[in-house]
1. From (1) at pLDDT 85 or above; (2) within 14 Å of chain A (Cβ to nearest Cβ), pick out the condition that doesn't hold for B:Leu107.
2. Which residues, counting only those in region A:267-284, are within 18 Å of A:Gly74 (Cα to Cα) and surrounded by fewer than 19 Cβ atoms within 10 Å (Cβ to Cβ)?
3. Any residue in region B:46-62 that's in contact (Cβ under 8 Å) with a residue 40 or more places away in the chain: show its pairings with residues that are hydrophobic (A, V, I, L, M, F, W, C) and assigned to a loop (DSSP other than H, G, I, E, B) at Cβ separation under 8 Å, as long as the two are six or more apart or on different chains.
4. Looking only at region A:122-145, which residues are hydrophobic (A, V, I, L, M, F, W, C) and without any contact (Cβ under 8 Å) to a residue 40 or more places away in the chain?
5. When you go through A:Thr48, A:Thr58, A:Thr28, A:Thr53 one by one, which is the residue that is surrounded by 12 or more Cβ atoms within 10 Å (Cβ to Cβ), of a type in the set (Ser, Thr, Tyr) and away from chain B (no Cβ under 14 Å)?
6. Applying the selection to region B:132-151, what residues are touching a residue at least 60 places away in the same chain (Cβ under 8 Å), part of a helix (DSSP H, G or I) and under 11 Å from B:Leu234 (Cα atoms)?
Amino acid sequence: MYRGKVISVLVLIMFVILLSGFPLMLDTSQGALKFTVTPFVEAVKSYTDGLTTGESFTYKIKDRERSFFEDMTGFFTLSLTYLFIGGVIATIVGILAGGWMAGVRQNGIKDVVGFLGTIPDFILIILLQLLVILIYKSTGIRVAKVASTFNEPAVLLPLLTISLIPAIYLINSLSQRTYQIMTEDYVLTARARGLNKLYIYVQHIFRNLLPFLKADLYKVTSIMMGNLFIVEYLYNLPGMTRLLFTYGHQFNLIVNTLFVLAVMYVVFLWGMKLFVSGLERVFIYD
Amino acid sequence: MTERRKKGNWRIYLGLSLVLLFMLMAVVGPFFAPYDRDEQDGIKTIQTEEGPRIVAPPYPPSEEHWLGTDKWGYDMLTMMLYGAKYTVFTALVVALLRVLIGGGIGLYLGIRPGGKKWQLQTGWLGSIPPFIMVYFLLLAINFNSPLSPLELVVIQGIVMTILGVPGIISTIQEKTIDLKKNLFVTASQAMGAGKWHMITRHIFPLLKENLVVLLVNEIILVLNLIGQLGLFYLFLGGTIVEYGFFGPENFLSRTFEWAGLIGLGKNFLLINQWMVIPPILAFMMLIFSFYILSRGLEQKYQQTYHKAPHI
């Protein structure tokens, strides 16, 4: 049982090191594309050497040396908080709206929700920002912060974006599942016995929806991790991904950040699993 | 049943004609561009009521520049018409290659007797989104590259293709294994049909509709990926960087592809909205035309019989 986990961690480590080192392997300075391994091997060697001395856990902003772990904790907390809040909102909205969508017969509404699901995250963000700016220009009312300033992160728009995209995914997938469950014979039996609709929804449909929701969590969390990069970048949030894009290509920094992101992903995934089990405890009882 | 088929049809016609329109625009667009590709409208003097005034780009939309100009005085409409071919055709070709290669391998793995399911090793790798992988793969070659724009587009295309193939393989393999369970396939196998016969006569005819829908959805995914890279100044066909005192200062797209224009325009969101609105609307229209096409196809191919809900 543990073998699979160990292998997947080893694959991750190799993958992260190769990915972070890839830009070092290509050299275009001579006016042509050249492939070299030496700088990459040196970087990996100095990283592994620095693990014991702690040098691998430092990075540079301009010329100042900073400690990775000291700076990281704040970023980590912020990213994880946004992910959690977004994930919880997305799950609740997904279940409720998915149940509603399952009963919708008009194709038009399905077209619109489906299209919302295909709009890329960055377009959604820029459109929201444009909307806020245009409202401000015409009425003078500042609806929300468009981007974070020095010590005040934007809240409303980032949370809206980060929960909207997985919510639409869940609405689409859960509505199909709900529809499927509605066609089952046990629902017909329950109807025939005269149980009320709400009871059937919670005790029959929601209960049978949960396994699908749990299976969907993997997809949802990885969609949200992908969005996180774009959301933090475009709203200028002081989160984990800032370390990847702001301070140039420093091998140590990139490797460390990607590892911490992997840890964050797992924490997030387990948190979401816990949340869904909580829902199960509250609503489903015998 | 015939009625349902009709319902799906307007989506297909609308999507197909929009897609063809975009492709036509990508090919002949440059001939209709109001300005030359490299023509810049620099600083100039204009006559106002209070006398002559010196103005500098970016110019807002006007009669001379329908969609305005960017910071360097390039005409937005001209740039978009010249850049369209890179965005549209890269997405098409990359998606097509993904489906062809992934579909072929998936079919082969699925038809193999006793073949084990080729599971995608996700797990912890779910934490690294695809665009981050492309980001690091392209980081070294995209800025002020010695390669020509076409060479760069080809390299970027190959990277994006390879990244998408594993997903397609597992989808197609799963479908093939499902289809193989059909009685008529087992029967023909029992009568000694070869692999090739089974693929061409039984599996592929059932699979081809799925493949078409898959292709259209892949195009949307590739467009999404191109757009995300554009935000980080990794433009299709390369980026020109001008270094200033504090590091990289100005970024320029070498090909004017749309994602790049969005990536550049977003920096002027607060002041000059015309620099970001046209490329974003064009990008959304492009995605919409593929989406509505895929919806139409899905409805057309949907099973003609299904159970009705009880609640």
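The values are calculated or read from the model by the stated rules, or taken from the named source; none is laboratory data. Just so it is clear, the structure is predicted and the values come from calculations on it, not from any experiment. Cβ: placed from backbone, ideal geometry, glycine included. Neighbour counts: every protein chain shown.
1. Among (1) at pLDDT 85 or above; (2) within 14 Å of chain A (Cβ to nearest Cβ), B:Leu107 violates only (2).
2. Applying the first criterion (within 18 Å of A:Gly74 (Cα to Cα)) to region A:267-284 yields A:267-268.
Passing the criteria: only A:Val267.
3. B:Pro61/B:Leu67
4. Of all residues in region A:122-145, those hydrophobic (A, V, I, L, M, F, W, C) come to A:122-128, A:130-135, A:141, A:143-144.
Listed by number, the residues that qualify are A:Ile123, A:Leu127, A:Leu128, A:Leu130, A:Leu131, A:Val132, A:Ile133, A:Leu134, A:Ile135, A:Ile141, A:Val143, A:Ala144.
5. Working: A:Thr48 fails: surrounded by 12 or more Cβ atoms within 10 Å (Cβ to Cβ); A:Thr28 fails: away from chain B (no Cβ under 14 Å); A:Thr53 fails: surrounded by 12 or more Cβ atoms within 10 Å (Cβ to Cβ).
Among A:Thr48, A:Thr58, A:Thr28, A:Thr53, only A:Thr58 is surrounded by 12 or more Cβ atoms within 10 Å (Cβ to Cβ), of a type in the set (Ser, Thr, Tyr) and away from chain B (no Cβ under 14 Å).
6. In the first step, residues of region B:132-151 are kept if they are touching a residue at least 60 places away in the same chain (Cβ under 8 Å); the result is B:134-135, B:138-139, B:142-145, B:147, B:149-150.
When the remaining residues are screened for being part of a helix (DSSP H, G or I), the result is B:134-135, B:138-139, B:142, B:149-150.
B:Val134, B:Tyr135, B:Leu138, B:Leu139, B:Asn142 - these are the residues of region B:132-151 that are touching a residue at least 60 places away in the same chain (Cβ under 8 Å), part of a helix (DSSP H, G or I) and under 11 Å from B:Leu234 (Cα atoms).
Let's see how each residue does on (1) of a type in the set (A, V, I, L, M); (2) under 19 Å from B:Tyr135 (Cα atoms); (3) within 12 Å of chain B (Cβ to nearest Cβ):
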| residue | (1), (2), (3) |
| --- | --- |
| A:Leu188 | yes, no, yes |
| A:Asn196 | no, no, yes |
| A:Tyr201 | no, no, yes |
| A:His204 | no, no, yes |
| A:Pro211 | no, no, no |
| A:Lys214 | no, no, no |
| A:Ser222 | no, yes, yes |
| A:Val231 | yes, yes, yes |
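Residues are listed down the side, and each one gets a yes or a no for (1) in the same structural domain as A:Leu253 (by TED's automatic domain parsing); (2) within 30 Å of the chain's Cα centre (by Cα); (3) at pLDDT 85 or above:
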| site | (1), (2), (3) |
| --- | --- |
| A:Ile7 | no, yes, no |
| A:Leu10 | no, yes, yes |
| A:Leu19 | no, yes, yes |
| A:Thr28 | no, no, no |
| A:Lys45 | no, no, yes |
